[in-house]
Amino acid sequence: MEFRHLRAFVVLAEELHFGRAAQRLAMTQPPLSLAIQQLEASVGARLLERNSRGVALTAAGEAFLPQAQALLQQAAQAARQARDVGEGLAGRLQIGFAGTVLYRGLPQVLRRFAAEHPRLRLGLRELSSSEQLVELVHDRLDLGFVHTTRVPPGFSQIRVSSQPFMVCVPADHALARHTALPLEALAQERLALVMRAVSPDYHDRILAACADAGFEPTLAFELRHWLSVVSVIAQGLAVGLVPAALQQAGLPGVVFVPLQRPLAPYDTHCLWRTGHERMSGGALGAFLALVGQWPDASAPANHVV
């Protein structure tokens, strides 16, 4: 049984006339009659009655018609789906992200992508930078938004955001009254920080900056998320150095104060396996095209292979 046989049968069942059906199928009547004979032989039942008055469906033909129509519709839908995926119009991407990008441009990109590519689906997973690297290496993510320069070989990246670190203190803390602070002002304070297993780059960078300022901080809290760091500070339990984007989280009870001597910035990179933007049927390439227009104007795009 072939799809051409099914189409011939469906068209003939709709027309109930060999001449009109052959015209619709752009063929002559003899090959149409042969196609119907071959289909009936494959099915093992007579589907059409031919007589002087024309063509009529048999009981078997009546039962077979809706199934044949459904098979043709499914085949057409499958072809459309494959074509759309091939053209980057449909499909699914798995995207990892670290939480701070929710305050630094990711929602705007997601909204625009959904508007421009409504048939492309995104699976979004909040993961630490270290976790994303593992998932990317094992091809369980198509791309990730990470805060690390430790890029595995064979990956490309675009820097999408660069932001300063700020001192974050409880709103009623004495340091909250300052317009800028030296890092040494935190020497006697209890510090909240993301744990090294989650963000080794910035955990080590903050501790190294404190050492350069002449003190070893008291680590009161080591947490999995920057938002948890700010939450602990809001409860008056510690102070911290956090990315400036956390101001947009709107948590009450905290004040953000610039550093007098800025630390190296907190950068966000979009990371994906090199070449996959050309192998994913266009979906990844379509998303990366918008990433290249990331709304954080403070970070010019920098593509590295």
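Overview of results
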{"read-out": "Filter pass, ALA297 being farther than 20 Å from GLU135 by Cβ, at pLDDT below 85 and surrounded by fewer than 17 Cβ atoms within 10 Å (Cβ to Cβ)", "value": "yes"}
{"read-out": "Looking only at segment 95-121, and only at residues there that are β-branched (Val, Ile, Thr) and touching a helix residue (DSSP H, G or I) at 6+ places or on another chain (Cβ under 7 Å), the one that is surrounded by the most Cβ atoms within 10 Å (Cβ to Cβ)", "value": "THR100"}
{"read-out": "Test result for VAL194, without any contact (Cβ under 8 Å) to a residue 40 or more places away in the chain and within 19 Å of VAL101 (Cα to Cα)", "value": "yes"}
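Residue-by-condition table, conditions (1) farther than 29 Å from TRP294 by Cα; (2) not in a loop (DSSP other than H, G, I, E, B):
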residue: LEU193; (1), (2): no, yes
residue: CYS210; (1), (2): yes, yes
residue: SER228; (1), (2): no, yes
residue: LEU251; (1), (2): no, no
residue: VAL255; (1), (2): no, yes
residue: PRO258; (1), (2): no, yes
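To keep it simple, each residue is scored yes or no on (1) assigned by TED's automatic domain parsing to the domain that holds SER130; (2) touching a residue at least 12 places away in the same chain (Cβ under 8 Å); (3) surrounded by fewer than 14 Cβ atoms within 10 Å (Cβ to Cβ).
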position: THR179; (1), (2), (3): no, yes, yes
position: GLU184; (1), (2), (3): no, yes, yes
position: ALA187; (1), (2), (3): no, yes, no
position: ASP201; (1), (2), (3): no, yes, no
position: VAL242; (1), (2), (3): no, yes, no
position: GLN247; (1), (2), (3): no, yes, no
position: GLY250; (1), (2), (3): no, no, yes
position: LEU284; (1), (2), (3): yes, yes, no
position: VAL291; (1), (2), (3): yes, yes, no
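The values are calculated or read from the model by the stated rules, or taken from the named source; none is laboratory data. In this text, all values refer to a predicted model and were calculated from it rather than measured experimentally. Don't worry about glycine lacking a Cβ; one is built from the backbone with ideal geometry, like all the others, and counts go over all protein chains shown.
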